[in-house]
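Quick notes on the structure that follows.
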Amino acid sequence: MPRAARIRQFLGSAAFLLSLPALPSISAAASPEGLWLTAGRNGVVEVFRCAGGGDTLCGRLAWFRIKPGDPNPRALDLKNPDPKLRQRSLCGLLFMYGFRPAGPGSWEDGAVYDPESGNTYHGTISLRPDGRLALRGYIGITLFGRSEVWSPYTEPLPSCPTR
């Protein structure tokens with residue numbers, strides 16, 4: 001075998017071997033799909049692939065806490081701008097949608113509905129190196145917004161509050 005061919009073969013083998021240790025970390029951080037405990041520890045969000053397939057992510061409210069004396073004890077979407085939707089339950093509510101991959105561990109161009117105000121905001125999500133998920137909701141540009149960091153939720157999921 002000519003010397004140039006041996007060098008190409010060696011470089012190809014070396015590149016393959018060097019890439020092996022990186023493979024598990026890439027797949028481990030590939031998606032935030034799963035259950036996440038909100039920053040205030042008063043809700044659990046399920047992040048999943050949106051209907052229709054692809055890499056677009058959505059999120060629904062899987063569980064939340066109703067405090068004693070809450071003005072919305074039935075946990076309905078009372079602040080929704082559409083009066084026809086104000087009697088729907090917050091339990092299972094799809095409130096995050098359209099998050100498209102923007103790079104390793106980050107998604108953008110999503111929308112986040114806030115049932116406490118009835119407003120919908122632009123959003124981004126990103127996986128942090130510590131294993132938590134950062135959600136940023138904003139108006140116009142990311143400078144004008146609010147961030148929240150969620151932790152993985154691994155406990156059995158409680159039932160949503162009764163209506």
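Some points to look at:
- Among the residues listed as L127, L133, L157, the single one being among the aliphatic types (A, V, I, L, M), under 15 Å from L37 (Cα atoms) and surrounded by fewer than 15 Cβ atoms within 10 Å (Cβ to Cβ): L157
- Single condition I66 does not satisfy, out of (1) within 23 Å of the chain's Cα centre (by Cα); (2) loosely packed, with under 14 Cβ neighbours inside 10 Å; (3) at pLDDT below 95; (4) not polar (S, T, N, Q): (2)
- Screening the range 106-124 for residues that are in contact (Cβ under 8 Å) with a residue 24 or more places away in the chain and among the β-branched types (V, I, T) and picking the one that is surrounded by the most Cβ atoms within 10 Å (Cβ to Cβ) gives V112.
- Members of the range 132-146 found to be in a strand (DSSP E or B) and within 15 Å of D109 (Cα to Cα), listed by number: A134, L135, R136, G137, Y138, G145
Yes or no, residue by residue, for (1) small (G, A, S); (2) part of a strand (DSSP E or B); (3) in contact with a Gly (Cβ under 8 Å, 6 or more places away or on another chain); (4) over 23 Å from L157 (Cβ atoms):
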{"site": "K67", "(1), (2), (3), (4)": "no, no, no, no"}
{"site": "R74", "(1), (2), (3), (4)": "no, no, no, no"}
{"site": "P81", "(1), (2), (3), (4)": "no, no, yes, yes"}
{"site": "K84", "(1), (2), (3), (4)": "no, no, no, yes"}
{"site": "G92", "(1), (2), (3), (4)": "yes, no, no, no"}
{"site": "I125", "(1), (2), (3), (4)": "no, yes, yes, no"}
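- Test result for T142, farther than 19 Å from K79 by Cβ, among the β-branched types (V, I, T) and either in contact with a Leu (Cβ under 8 Å, 6 or more places away or on another chain) or not assigned by TED's automatic domain parsing to the domain that holds R41 (or both): no
- Conditions (1) over 17 Å from E148 (Cβ atoms); (2) more than 15 Å from the chain's Cα centre (by Cα); number of the one not met by R100: (2)
The values are calculated or read from the model by the stated rules, or taken from the named source; none is laboratory data. Since the model is a prediction, treat every value here as computed from it, not as a measurement. Note that we place each Cβ from the backbone using ideal geometry, even for glycine, and neighbour counts take in every protein chain shown.
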